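Read through the structure below, which is laid out as structure tokens, and then see the notes.
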Amino acid sequence: MLLSEMFEGAPEIEIQGLCIDSRKAKAGDLFFCLKGLEADGHQFAEKACKAGAAAVVHCDELKQCQGVFYIKVDNVNEELNRICDLFNGHPSQKMTVFGVTGTNGKTTTTSIISDVYNKPCGYMGTIAVRYGSVNKIPNLTTPDALEIHENLKEMTDYGMAGVAMEVSSHGLAMGRVDAVDFDVAIFTNLTYDHLDYHKTFAEYIRAKKLFFDNLPKEAFALINIDDRNGRVMVQNTRATVKTLSLQSMADFRCKILETHPDGMELRIDGREVWVHFLGRFNAYNLLCVYAAALLLGADREEVLQIMSTLHPVSGRFEFVRAADGTTAIVDYAHTPDALEKVLQTVEEIRRPGQQLFVLCGCGGDRDKAKRPEMAQIAVKYATTAILTSDNPRHEDPDAILDDMVAGLAPGDRYLRIADRAE
């Protein structure tokens, strides 16, 4: 693609690729000087040029290399989004795009949407980038703009008619999805999380709300109104707002009729359906999927039938049963609210006399305020809680455990084992 097709007044230089990491720069690339949390791309522009970059997009003054064309703009990130979309042929406009945001439920909801949607549908999120026979492991829940649009182009080239995307607060705050054309935006819930990055809960809400503020009027905004922040999300949206609830009147409603160790019976909009999922949180996730599919014209009976055949996503209330009757439940719960909801669900299905061991930890270089809360919730429900290491990153695992046990009282039943393998 010619540089002149991207920027008015630019020369007709053939651009071979887009780049934001000077270590990956190649001949003919257009390099963007992005300012990140830990590094400023302006510092690496010269390195990118020496690697063969043909042009550089920047907002600050920098030393210029001979033979390279420089384009100064007000906002490099905005231009990156626009050019990524343009360079890849506007892929999100060629497919139905579902976006799911919220503290909890994003992975389960998006993964099920990709299974339920009645046309070939990809998935992009925490556990994978998946379409057809392709399954890639991502680095981030919401990848950078380059990767997002490259993935979308690959999906359209492969024949995908839709994609379900997890949309994180980090990705929204950094503008990574600004040029993605969403058809349905879903809000699951909001609890305290990522305050290491957003600093305040108000900023966390503001980041999530950006998703709905930026929707086109042709889109649907689907919100969980049982969460008090649901209405806040759509205060300034141009999209058509639709609601869902387990507690009150809404456009889409669900009620849990029965719960068993291997699933639950739901009534969704007057129709009963058995699902291989457990927990109130999963009832919300499934209702989100059902509503999103129907908003885009799917057949209700077909959606319910498919939902009845599906099983939980790996690591999301996943059962592992031993021959002696012991049951392990693996869940990715990483916030106090998510952990409590998981353990409440375990309480509903636990038989009298069964012991419950809760093994949990908190990640390093992340929100420290939730560490004592996580430990308190673990000992509240457990026969014995086991506190251990969970991806300490650059922190001392024992220091993380110190933060966790600081919330516990004398007499609380727990073990402290820093070696996760043990």
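The values are calculated or read from the model by the stated rules, or taken from the named source; none is laboratory data. Just so it is clear, the model here is predicted, and its values are computed rather than measured. Don't worry about glycine lacking a Cβ; one is built from the backbone with ideal geometry, like all the others, and counts go over all protein chains shown. Areas reflect the complete protein model, heavy atoms only, side chains present, ligands, DNA and RNA absent. Shrake-Rupley method; radii C 1.70, N 1.55, O 1.52, S 1.80 Å.
A few remarks follow.
- Taken over region 215-235, the residue count meeting the criterion of being at pLDDT below 95 and surrounded by 20 or more Cβ atoms within 10 Å (Cβ to Cβ) is 1.
- Close pairs (7 angstrom Cβ cut-off, 6 or more residues apart or separate chains): surrounded by fewer than 19 Cβ atoms within 10 Å (Cβ to Cβ) in region 143-161, assigned to a loop (DSSP other than H, G, I, E, B) anywhere: Y158/G132; G159/P120; A161/M95; A161/K119; A161/P120
- Residues located in region 107-120, provided they are in contact (Cβ under 8 Å) with a residue 60 or more places away in the chain and either buried (at least 20 other Cβ atoms within 10 Å of the Cβ) or within 20 Å of S169 (Cα to Cα) (or both): T107, T108, T109, S111, I112, I113, V116, Y117
- Filtered by the rule that a residue be open to solvent by 10 Å² or more (accessible area, probe 1.4 Å) and at pLDDT below 95, region 92-106 gives N104, G105, K106.
- Test for D367: is it of a type in the set (D, E) and over 23 Å from H276 (Cβ atoms): yes
- Residue ID - nearest to Y70 (Cα to Cα), chosen from residues in region 1-23 that are open to solvent by 20 Å² or more (accessible area, probe 1.4 Å) and in contact with a Gly (Cβ under 9 Å, 6 or more places away or on another chain): I13
- In the set E395, E422, only one residue is part of a loop (DSSP other than H, G, I, E, B), open to solvent by less than 70 Å² (accessible area, probe 1.4 Å) and either out of contact with any helix residue (DSSP H, G or I) (no Cβ under 8 Å at 6 or more places or on another chain) or under 23 Å from L278 (Cα atoms) (or both); that residue is E395.
- Exclusive hit being more than 25 Å from G102 (Cβ to Cβ) and modelled with pLDDT of 90 or more, set A409, A378: A409
- Selection of region 53-79 for residues being over 21 Å from the mean Cα position of the chain (by Cα) and either among the small types (G, A, S) or under 30 Å from V184 (Cα atoms) (or both) yields A53, A54, A55, G67, N75, V76, E78, E79.
- S133 being open to solvent by 10 Å² or more (accessible area, probe 1.4 Å) and polar (S, T, N, Q): yes
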